[in-house]
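Taking it in order: structure first as structure tokens, then the write-up.
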Amino acid sequence: MEFVVLLKQVPDLAEELEIDRSGTELVREWLSYVTSEWDEYALEEALQLRDLAGGTVTCLALDTGAVDELLATCLARGADRVFKVGSFERPPDTHASATAFAAALRTVSHDLVLVGVQAIDDLDGQLGPVLAAELGLPHVSVVTHIAAGADGTTVTANQEYAGGLVAEFEVDLPAVLGVQTSREAPRYAPVSRVRQLMKTATIEALDGPVGPGGGLIVESLSVPETGGHAEMIDGDAAAIATRIAAILAERGLVKTGAAS
Amino acid sequence: MSSDILVLVEHRDGTVTEGTFEILGRARELASQAGGEATALLLAADAGPLADQLGDWSIIAIEDPGLAEFSPSAYQAALAPIVTEREPMLLLATNSGVGMDVAGGLSGAIGLPLAAFATSITLADGAPLVTCQSFAGKIEARVRFRDDRGICTVVAGAYPAGAGRVAGSPRVERVPLPAVDQRVRFRGLVRPEAGDVDITRETVLVSVGRGIGEQDNIELVEELAAALGGVVSSSRPIADAGWLPRTRQVGKSGLRVKPKLYLALGISGAPEHLEGMRDAELIVAVNTDPRAPIFGVAHYGAVADILDVVPALTKRLG
């Protein structure tokens, strides 16, 4: 079975996000990037499924300037082929990404396309269903427990709902699935191996048009007042613990007989 | 183009979901401001009992045995012609798996813009203005639609469900199923195994996230929960790692809880988590990241390592 995984980088949330003077964009020049968490799960699922069902795993990323390391990491983890798609000065929105990936997928054979169910920056919807609509393929979002059917023409997957309830679906291939999590934590790729592959591996390029995007107009960005709500407790761990214990005692939330 | 608002009814196992009432209520307010009508879109094998649950609403119903439970392909095929023909100003869905599939699929198929993770929808000069969560709640974006029409997926809890629960008789317009797409077939619902505790009924939850670092440290949190007479719950990564059972998971794909006390320990507060616990009576959060969104919903917060604070707190309660 031919598995294709679509990946992207997103700003590392461990760092502070700043809004630029236009008020509609992040300041991007100082940001560091990480692979979108859910895309990592999608890749791990693809590798696991390939190891069970046979076939190949091909990874695609839009070329937003620095995706070689991302794609080399895919190879280091066990992907068979990697491609960068198009050429983008800034990260395209979900719809523009779908347009570019759809063009690339016309030349990359695929039975099952796996994407992360969401990314932290997808304002205009999630890639999976938008891409599937462009390609005319069926799709299911928020899936876990993907299993290939015996005859290679279907997969089953679970869609998660609130409260731990899941629906099991059978899906005709080719199809697109938005992966919520992988059966095992994404495998580790040694940095030395990634570095080596960045020098030696072939990262092929595919055309991907710069589409018009999703038609969402950003009027303004803002940083929510996170501290505005909570009363912050200062001091070291002991002082914090003492204050929390006092707050709980005031509200009658400590067990009878407990010290405050 | 109209000033009407269509609302996708999400139902499962014969019951309309809570989130559906949240967006229905907001749809009625917005439609009345815009001079249009709010109409529920109901796809089902038998619309009658679900329409009765909805109450006093105008409903477009598509009935077909294949629509007994949700299927992304069946819903998209059925809805695309109706949404195209009715030209609503807005189509609202919840930001659930169902909403993601339908909204993204329709946006891609019929070209209506889509705003995801919406927390607020207002009208500015008669056109929708939507606030969306982005970057795991660290950034808010205010967006408009090209041509002032579009689709929104609305996060749970953005609006009260009460406004959508309107007693009365539904007015149902049944329309024939316009198209069939059976490439995604519903096979069944799998219910979670009952856990040893029901975290939705507990009054004190000591909830733990990635900040716990490693599995062995869960014990520290268990000790604190015991000292408080509560139980341990978690954010998604802890359940994914198998460090706590799935039945302890709070949030969008876990359980929605409303305890008297929610201690959020090492939980950053991604929107999916906040959805499950923001209604707790008292929220106390400890996290090393001063910008963690959890502090936006907590009543009290402390920037510290939980591995230092938790043992100290247990000692004071012990």
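Derivation of every value follows stated rules applied to the coordinates shown; laboratory data play no part. Since we're looking at a predicted model, the values are computed, not measured. Because the Cβ atoms are built from the backbone with ideal geometry, glycine has one as well, and the counts that use them run over all protein chains shown.
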Tell me, what is the percent relative contact order of chain A, built from C-alpha pairs under 8 Å that lie six or more residues apart?
23 percent
Cross-link reach list, lysines versus A:K255, counting only Cα pairs under 19 Å and skipping chain neighbours closer than eight places
B:K260, B:K315
With labels modelled as points extended 7 Å from the Cα through the Cβ direction, what inter-label distance (nm, one decimal) is found for A:E231 paired with A:E15?
3.7 nm
Find, among the chymotrypsin sites (Phe, Trp or Tyr not before Pro) in the stretch A:139-247, those assigned to loop by DSSP (not H, G, I, E, B) with at most 13 other beta-carbon atoms within 10 angstrom.
A:Y188
What FRET efficiency comes out for the pair B:R201/A:S220, r = Cβ-Cβ distance, R0 = 41 Å, nearest 0.05?
0.45
Distance between the stretch B:1-56 and the stretch B:77-146 - C-alpha centres, whole angstrom:
15 Å
Please work out the FRET efficiency for the pair A:S22 and B:V166, using the Cβ-Cβ distance as r and a Förster radius of 45 Å; give the result to the nearest 0.05.
0.60
Cβ-derived FRET efficiency at R0 41 Å, B:D46 paired with A:Q196, nearest 0.05
0.10
Hey, got the dipole for chain B? About the Cα centre, +1 on K and R Cβ, -1 on D and E Cβ, debye to the nearest 20?
320 debye
Which of rounded, prolate or oblate describes the stretch B:199-317 when judged by the alpha-carbon gyration tensor and an a/c cut-off of 1.5?
rounded
Please list, by residue number, every one of the chymotrypsin sites (Phe, Trp or Tyr not before Pro) in the stretch A:1-73 that is coil in DSSP and has at most 14 other beta-carbon atoms within 10 Å.
A:W30
Contour minus Cα-Cα span, B:A241 to B:T84, at 0.36 nm per residue, comes to 52.2 nm
Relative contact order for chain B: what is it in percent, counting Cα pairs under 8 Å that are at least 6 residues apart?
16 percent
GNM result for chain B, Cα springs below 10 Å: residue of B:A241, B:A136, B:A34 fluctuating most strongly
B:A241
To the nearest 20 debye, the protein assembly as shown has a Cα-centred charge dipole, built from +1 on Lys and Arg Cβ and -1 on Asp and Glu Cβ, of 520 debye
Determine the sum of side-chain charges near A:E15: Lys and Arg each +1, Asp and Glu each -1, restricted to other residues whose C-beta is under 11 angstrom from that of A:E15.
-2
Report ³J(HN,Hα) in whole Hz for each residue of the stretch A:21-28, in order, from the Karplus equation J = 6.51 cos²θ - 1.76 cosθ + 1.60 where θ = phi - 60°; Gly and Pro get x.
5, 5, x, 10, 9, 7, 6, 9
Spherically averaged projected area in nm², based on the convex hull that wraps the Cα atoms of the stretch B:170-252
9.9 nm²
What residue among A:V115, A:V130, A:G86 has its Cα farthest toward the positive end of the dipole of the stretch A:56-171, where the charges are +1 on Lys, Arg and -1 on Asp, Glu, each on the Cβ?
A:G86
What ratio of Cα Rg to 2.2 N^0.38 Å holds for chain B?
1.09
Amide H to amide H under 5 Å from B:S58: which residues, 5+ apart in sequence or cross-chain, H placed 1.01 Å off N in plane?
B:A40, B:R171
Run the numbers on the stretch A:102-239 and let me know its relative contact order in percent, using alpha-carbon pairs under 8 Å that are six or more apart.
24 percent
Return the percentage of antiparallel bridges among DSSP beta bridges fully within the protein assembly as shown, rounded to the nearest 5 %.
35 percent
Taking springs between alpha-carbon atoms closer than 10 angstrom, which of B:Q76, B:Q133, B:Q182 fluctuates most in the Gaussian network model of chain B?
B:Q182
Any chance you could list P(r) for the stretch B:5-174, counting all Cα-Cα pairs in 5 angstrom bins from zero, rounded to whole %?
2, 9, 19, 24, 22, 15, 6, 2, 0
Enumerate by residue number the trypsin sites (Lys or Arg not before Pro) in the stretch B:168-252 meeting two conditions: DSSP loop (anything except H, G, I, E, B), and at most 14 other Cβ atoms within 10 Å of the site's Cβ.
none
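Rounded, prolate or oblate: pick one for the stretch A:172-218, where a ≥ b ≥ c are the square roots of the eigenvalues of its C-alpha gyration tensor, a/c under 1.5 means rounded, and failing that, prolate if a/b is larger than b/c, else oblate.
Since a/c reaches 1.5 but b/c is at least a/b, the shape of the stretch A:172-218 is classed as oblate.
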Can you give the longest stretch of chain A with no exposed loop site, where a site means trypsin sites (Lys or Arg not before Pro) in a DSSP loop (not H, G, I, E or B) with at most 16 other C-beta atoms within 10 Å?
A:29-105
Descending Cα extents along the principal axes, the stretch A:2-206, whole Å:
53, 40, 31
Which one, A:G86, A:G215, A:G55, has the greatest fluctuation when you compute a Gaussian network model over chain A with C-alpha springs under 10 angstrom?
A:G215
Taking a threshold of 27 Å on the Cα-Cα distance, which of the pairs A:K84/A:K199; A:K84/B:K138; A:K8/B:K258; A:K8/A:K199; A:K84/B:K252 fall above it?
A:K84/B:K138; A:K8/B:K258; A:K84/B:K252
Please give the charge dipole size of the stretch A:1-160, origin at the Cα centre, charges +1 on K and R Cβ atoms and -1 on D and E Cβ atoms. Round to the nearest 20 debye.
560 debye
Using alpha-carbon positions, what is the distance between the centroids of the stretch A:5-27 and the stretch B:258-301, in Å?
23 Å
Rh_Kirkwood(the protein assembly as shown) over Cα pairs, Å, one decimal, evaluates to 24.5 Å
